[in-house]
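The values are calculated or read from the model by the stated rules, or taken from the named source; none is laboratory data. In this text the structure is predicted, and so the values were computed from the model without any measurement. Neighbour counts are summed over all protein chains in view; Cβ atoms, including those assigned to glycine, are modelled from backbone coordinates with ideal geometry.
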Amino acid sequence: MDVLSVTDVGCNGITVPPSPTESRKERRRREWRARNLSAQAAVWLLIEIFPKCFVMLGRDRRPLKIGIHADILAREPSFPVKELGQALSWYTGSVAYQRALMKRKPRIDLDGNEAGQPTMEDAEEARLKIVAATKHNGGRR
């Protein structure tokens with residue numbers, strides 16, 4: 001099976017020309033959506049390359065090994081660093097990922113092997129992020 005490149009998936013930046021009547025808030029929202037789409041596309045690529053580590057379905061997410069960014073670049077040196085950072089930020093910023101940290105599920109490496117345990121501090125920080133996300137979204141999460 002051929003592995004898609006980040007360019008094939010569309011992660012090299014999505015640019016939508018601004019409307020002449022677009023407000024600053026609308027422009028920021030449009031740019032945020034473009035970055036979010038780019039990050040999601042990069043996550044799909046990570047899922048294809050490392051299926052034992054990355055999953056899109058939230059309830060199956062597990063905490064990632066500390067330093068996994070470097071492990072990915074060591075195995076896939078052509079993966080764009082900026083898109084990788086955005087993808088990992090999007091992936092680890094999800095409430096499902098934070099719940100896995102809060103439950104102190106074992107961290108995993110790229111091959112799905114256990115690679116450490118989240119600390120109590122990690123779990124507490126995750127709990128606070130979930131509370132903040134819930135407040136931000138009006139109780140939905």
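As a summary of the residue check, residue 61 satisfies the conditions (1) touching a helix residue (DSSP H, G or I) at 6+ places or on another chain (Cβ under 8 Å); (2) over 25 Å from residue 33 (Cβ atoms); (3) of a type in the set (Lys, Arg) except for the one numbered (2).
Within the range 117-134, if we keep just the residues that are among the small types (Gly, Ala, Ser) and surrounded by 15 or more Cβ atoms within 10 Å (Cβ to Cβ), the residue that is farthest from residue 66 (Cα to Cα) turns out to be 133.
Does the range 36-46 contain at least one residue that is at pLDDT below 75 and surrounded by 12 or more Cβ atoms within 10 Å (Cβ to Cβ)? Looking for residues that are at pLDDT below 75 and surrounded by 12 or more Cβ atoms within 10 Å (Cβ to Cβ), one finds at least one in the range 36-46, hence yes. Here residue 131 meets the list (1) under 15 Å from the mean Cα position of the chain (by Cα); (2) of a type outside the set (Asp, Glu); (3) outside any loop (DSSP other than H, G, I, E, B) almost entirely, failing just condition (1).
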